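Rule-based calculations on the coordinates, nothing more; no lab input. Predicted model only: the values in this text are computed from it and were never measured. Methodologically, a virtual Cβ is constructed for each residue, glycine included, from the backbone with ideal geometry; neighbour enumeration extends over all protein chains shown.
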Amino acid sequence: QVQPVESGGGLVQPGGSLRLSCVVSGTAGSSNAAGWYRQAPGKQREVVATITSGGTTNYADSVKGRFTISRDNAKKTVYLQMNSLKPEDTAIYYCNVLVSYTLYWGQGTPVTVSS
């Protein structure tokens, strides 16, 4: 059973940084395509950043230049480094991973940006 598990969320002041981690257990490989999404209160879930199996990354316009997605294949972990955080980044952040044409989601980790 494939299971992504997120961690690293919390409360941070505007301008601060956080690094989210997503450990993926049960995968057949270690370089699957993956992504980070977020859902703010009262809003739909939106894509934040994605990384392909080949390592190509893409970002939402709202986070370009501030967030970085990366992957450690040996640890089967996908990261989201978030810098210069803004109050509008407040949301629950979800990780997903594509394994054998099936998308698996984690339970999410909350991020609150507030002074």
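Points worth noting:
- Those residues of segment 62-104 which are under 15 Å from the mean Cα position of the chain (by Cα) and surrounded by fewer than 15 Cβ atoms within 10 Å (Cβ to Cβ), in sequence order: Ser62, Lys64, Ser70, Asp72, Asn83, Leu103
- Of all the residues in segment 1-50, those that are among the aliphatic types (A, V, I, L, M) and under 12 Å from Arg71 (Cβ atoms) number 5.
- Number of the exception - Pro41 against (1) assigned to a loop (DSSP other than H, G, I, E, B); (2) touching a residue at least 60 places away in the same chain (Cβ under 8 Å): (2)
- Residues in segment 28-62 that are of a type in the set (A, V, I, L, M) and in contact with a strand residue (DSSP E or B) (Cβ under 6 Å, 6 or more places away or on another chain): Ala33, Ala34, Ala40, Val47, Val48, Ala49, Ile51, Ala60.
- Members of segment 20-57 found to be surrounded by 14 or more Cβ atoms within 10 Å (Cβ to Cβ) and among the basic types (Lys, Arg), listed by number: Arg38, Arg45
- Residue within segment 80-96 that is among the aliphatic types (A, V, I, L, M) and over 25 Å from Ser115 (Cα atoms) present: no
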